[in-house]
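K.L.:
Could you have a look at this structure, given as structure tokens, before my questions?
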Amino acid sequence: MKRKKYWFLFAILLLSLSSLSPSFDFTHNTRREPPGDDPVPPQQRPEIPESDLGPIKVGVQLEPDQIVALSKLNEHFMDETGARVEIIPFASETQDKDSFLLHMTLGDGPDILLTDSHYIKALAMNGYLMPVDSSQSVVTGGEIINGLLSPLQWNGYQWGVPFDMDPYVMVREQKHKDGSAFEMPIDHASWLDLFEAYEDEAQTPLISFDLHDPYAFGAAVHLLEGNPSLPEEEVLDLLLRNAEVSAPETDDAEQQSKDVNPGKSPIVIGPYSRIEAKDLSDSSYGLATGQAHLNTPVVRTRSLAVSAHTESSALAMKWIAYMTSKEIEQQWSQSVGTLPVISELFVNSSMIGDTGLWQAAALPIQLLLTRNEAAVLEFGNTEGLTTYKNFATRLLEGRITKEEYMELYRIEEAK
């Protein structure tokens, strides 16, 4: 009887304590552990201090016209919030990895980084980024196209938020010079036949693309039925044959490498954002993909991340949340020509009335990336995008042989 009485009193005591502390949560853990080998704990979403108005810096890897467009959106953010945010060109796209990482160690480095998604994991592994999971809420993962998230995840954390994407597309002539219909090859053998037929009177390459753009190289490999992540020998043979044909001479080498106007070569490969504005009325176009690796298209994506050294993480995440909102995503896409990363904007926006390149490339890429991931251009090394680019350029410019190229990428893959 006494034991029952004690249990009864103990139950009353527990009820009394819970009524005195109604907000007490037995499952809440406020301890914040640094990234380790264990999965990330439940997400933490601290409140944004009203007094945190900056200033903060946003380091960007953008073209000059894109910096202007982003600065306008930033002005709207500052007007609405009263915060001070400065947009600064951070690192050029041609900068090597070591120089890029060195910038992140400087005390006056940016609070927010907008860069190629391939760099995010390497920056996180070197301790230069803050997990976005432990900061203010941004666009939920369910709204972002699923295939864009994997390059941003490591060690149980997500280290960046997708900002935009630029799939690589192909524009081709509809007819040969003799007036016959231009039929796209469907396998390696038919590509070989096309190269042999074209080389007899070729004055321009069969396929034109920027030799210094790793994504354009990967897209060319893909179109030729190769694996853009690890190009096969027979595909490299075709690319080298293509590179042997001299391009039209020009005093502006940089413009020549970036020229994606249809007509100079029967087939032109370039980013959606650059080709979208061209007159394509006499051309056929679509994603630069072959059939062999159809589910892994070549797409350049850029993401936003928070620097580990920032003292204004809440403001930084508020800025990222603003820039990745549906309204701003659509404005950015329409301004600079890249594609949004939010699925809803592909089925419920003013863009769906476009019956040209949008229908031929944008909608298919959204469907592909809903279920698959884009091709990874890094030879299996998380810091390998710069290496991938350097190897491709040296190969196409004749500074290394095909055998040396393949040996180099095998070494990188083994690291």
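K.L.:
Anything in segment 139-165 that is open to solvent by less than 20 Å² (accessible area, probe 1.4 Å) and closer than 16 Å to Ile342 by Cβ? List them, or say none.
P.N.:
Correct list: Ile144, Ile145, Gly147, Leu148, Leu149, Leu152, Gly160, Val161, Pro162, Phe163, Asp164, Met165.
Here's the yes/no breakdown for (1) closer than 30 Å to Leu113 by Cβ; (2) of a type in the set (D, E, K, R); (3) touching a Lys or Arg at 6+ places or on another chain (Cβ under 9 Å):
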| position | (1), (2), (3) |
| --- | --- |
| Leu148 | yes, no, no |
| Leu152 | yes, no, yes |
| Asn155 | yes, no, no |
| Asp164 | yes, yes, yes |
| Arg172 | no, yes, no |
| Ala181 | no, no, yes |
| Ile186 | no, no, no |
| Ser190 | no, no, no |
| Tyr198 | no, no, no |
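K.L.:
Still on this structure: Within segment 324-353, track down each residue that is surrounded by fewer than 23 Cβ atoms within 10 Å (Cβ to Cβ) and charged (D, E, K, R).
P.N.:
Passing the criteria: Lys326, Glu327, Glu344.
K.L.:
Does segment 216-225 include one or more residues that are outside any helix (DSSP H, G or I) and surrounded by fewer than 16 Cβ atoms within 10 Å (Cβ to Cβ)?
P.N.:
No, there is no match, as no residue in segment 216-225 is outside any helix (DSSP H, G or I) and surrounded by fewer than 16 Cβ atoms within 10 Å (Cβ to Cβ).
K.L.:
Another question, then. If I ask for residues that are open to solvent by 10 Å² or more (accessible area, probe 1.4 Å) and not in a loop (DSSP other than H, G, I, E, B), which ones from segment 169-179 would you list?
P.N.:
Met170, Arg172, Glu173, Lys175
K.L.:
While we're looking at this one, here's another question. For Ala288, indicate whether it is under 18 Å from Pro214 (Cβ atoms), open to solvent by less than 50 Å² (accessible area, probe 1.4 Å) and aliphatic (A, V, I, L, M).
P.N.:
Against the criterion (under 18 Å from Pro214 (Cβ atoms), open to solvent by less than 50 Å² (accessible area, probe 1.4 Å) and aliphatic (A, V, I, L, M)), Ala288 qualifies.
K.L.:
Next question, about the same structure. Going through segment 362-415 one residue at a time, which ones are modelled with pLDDT under 90 and not in a helix (DSSP H, G or I)?
P.N.:
Glu378, Phe379, Gly380, Asn381, Thr382, Glu383, Gly384, Lys415
K.L.:
Identify, please: which residue in segment 314-323 is within 15 Å of Thr115 (Cβ to Cβ) and out of contact with any Asp or Glu (no Cβ under 7 Å at 6 or more places or on another chain) and is, among those, surrounded by the fewest Cβ atoms within 10 Å (Cβ to Cβ)?
P.N.:
Among those that are within 15 Å of Thr115 (Cβ to Cβ) and out of contact with any Asp or Glu (no Cβ under 7 Å at 6 or more places or on another chain), it is Met323.
K.L.:
Sticking with this structure for a sec: Could you tell me which residue of segment 226-246 is most open to solvent (accessible area, probe 1.4 Å), considering only residues that are at pLDDT below 90 and charged (D, E, K, R)?
P.N.:
Among them, the one singled out is Glu244.
The values are calculated or read from the model by the stated rules, or taken from the named source; none is laboratory data. Since this is a predicted model, take the numbers as computed values, not measurements. A quick note on method: Cβ atoms are made from the backbone with ideal geometry, for glycine too, and the neighbour counts reach across all protein chains shown. These area figures cover heavy atoms from the full protein model, side chains too; ligands, DNA and RNA do not enter into them. Shrake-Rupley method; radii C 1.70, N 1.55, O 1.52, S 1.80 Å.
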